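Report on the structure given below.
The values are calculated or read from the model by the stated rules, or taken from the named source; none is laboratory data. Small disclaimer: the values here were computed from a predicted structure and weren't measured. Note that each Cβ is placed from the backbone with ideal geometry, even for glycine, and that neighbours are counted across all protein chains shown.
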Amino acid sequence: MKHQPDVAPEILLKRFQDLPDRKLLRAAIEEGFKGRVAVVSSFGAESAIVLSLVAEIDPSVPVIFLDTGKHFPETLDYRDQLIDRFGLTDVRSVKPAVVDLAQEDPDGTLWQRNTVRCCELRKVAPLSQALEGFDAWVTGRKRFHGALRSYLPRIEHDGTHFKINPIVDWSAEKIEQSFDDLNLPRHPLTEDGFLSIGCAPCTQAPLDESAVRSGRWAGSQKTECGIHDRPAPSTVPNARRPGTPLPGC
Ligand code: SF4
């Protein structure tokens with residue numbers, strides 16, 4: 001049975017909405033959602049930042065990695081490298097359901113025909129299951145990535161879970177500086193110009209470096225995988241422009 005938070009979502013949203021990165025994470029991990037919060041990480045180009053901040057507080061916080069079966073081998077290696085670097089003790093590599101793949105993607109080419117359904121099978125459904133038992137999850141989304149992410153609040157509620165976005169207001173320059181200051185390892189594909197890294201079939205280096213995510217599902221209308229598409233009735237008012245759709249993963 002899902003845990004019912006003691007405090008109404010609206011109260012928690014107001015309490016946490018103005019806390020900066022580390023304070024927000026500490027408040028979520030040690031107070032508001034103690035034992036009921038997970039990090040969701042793609043182990044992509046900028047993932048080391050949030051993981052380092054979380055590990056400073058508690059390296060045993062569960063980290064969910066959606067192991068879609070379509071990642072670059074470099075991403076899987078980088079995942080293991082970061083686990084060692086930060087001493088993460090509870091990284092959960094979550095795979096799609098075997099029965100779903102057998103029924104709808106037996107030859108692994110669904111992404112060529114229907115990226116929406118492929119993401120549902122390989123990302124949305126596994127994450128939904130993995131988040132059972134948690135009240136909140138941490139994302140690494142940033143406003144400077146643009147498009148649907150431009151108006152993200154620090155914390156939001158989608159009707160079932162809180163989503164905590166501790167570095168939502170970080171700039172590209174601040175992220176770069178933190179990589180240098182903390183001597184964080186880089187995802188190997190950043191050397192090839194990749195700025196946002198997801199599944200191999202749907203990721204390429206961006207043609208326009210000012211559009212960080214333009215190498216994702218390039219040439220199609222799709223810009224997000226769908227894990228954030230649920231309605232957010234309790235999102236803090238004024239945190240994003242009214243009428244804008246929810247940002248994605
Ligand atoms: S990003 Fe591409 S390969 Fe990965 S789950 Fe989505 S459609 Fe499938």
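Of all the numbered requirements in (1) in a loop (DSSP other than H, G, I, E, B); (2) modelled with pLDDT of 95 or more; (3) within 16 Å of the ligand (Cβ to nearest atom); (4) surrounded by 19 or more Cβ atoms within 10 Å (Cβ to Cβ), P166 misses one, and that requirement is (3). Looking at D135, is it in contact with a strand residue (DSSP E or B) (Cβ under 9 Å, 6 or more places away or on another chain), farther than 15 Å from S42 by Cβ, at pLDDT 90 or above and not hydroxyl-bearing (S, T, Y)? Yes: the conditions hold for D135.
Restricting the stretch 185-218 to residues that are in contact with a Lys or Arg (Cβ under 8 Å, 6 or more places away or on another chain) and within 24 Å of D84 (Cα to Cα) leaves a set whose member that is farthest from the ligand (Cβ to nearest atom) is P185. Just to be sure before I move on: is S93 under 21 Å from W170 (Cβ atoms) and small (G, A, S) in the structure I sent? No.
The lone criterion from (1) touching a residue at least 60 places away in the same chain (Cβ under 8 Å); (2) under 20 Å from D135 (Cβ atoms) left unmet by R85 is number (2). Screening L189, L152 for residues that are more than 30 Å from F16 (Cα to Cα), surrounded by 19 or more Cβ atoms within 10 Å (Cβ to Cβ), touching a residue at least 40 places away in the same chain (Cβ under 8 Å) and among the aliphatic types (A, V, I, L, M) leaves exactly one candidate, L189. Can you tell me how many residues within the stretch 81-117 are surrounded by fewer than 12 Cβ atoms within 10 Å (Cβ to Cβ), charged (D, E, K, R) and either over 15 Å from V61 (Cα atoms) or within 16 Å of the ligand (Cβ to nearest atom) (or both)? Going through the stretch 81-117 one residue at a time, the tally reaches 2. The residue that is farthest from L195 (Cα to Cα), among those in the stretch 63-89 that are under 17 Å from the mean Cα position of the chain (by Cα) and among the polar types (S, T, N, Q), is T68.
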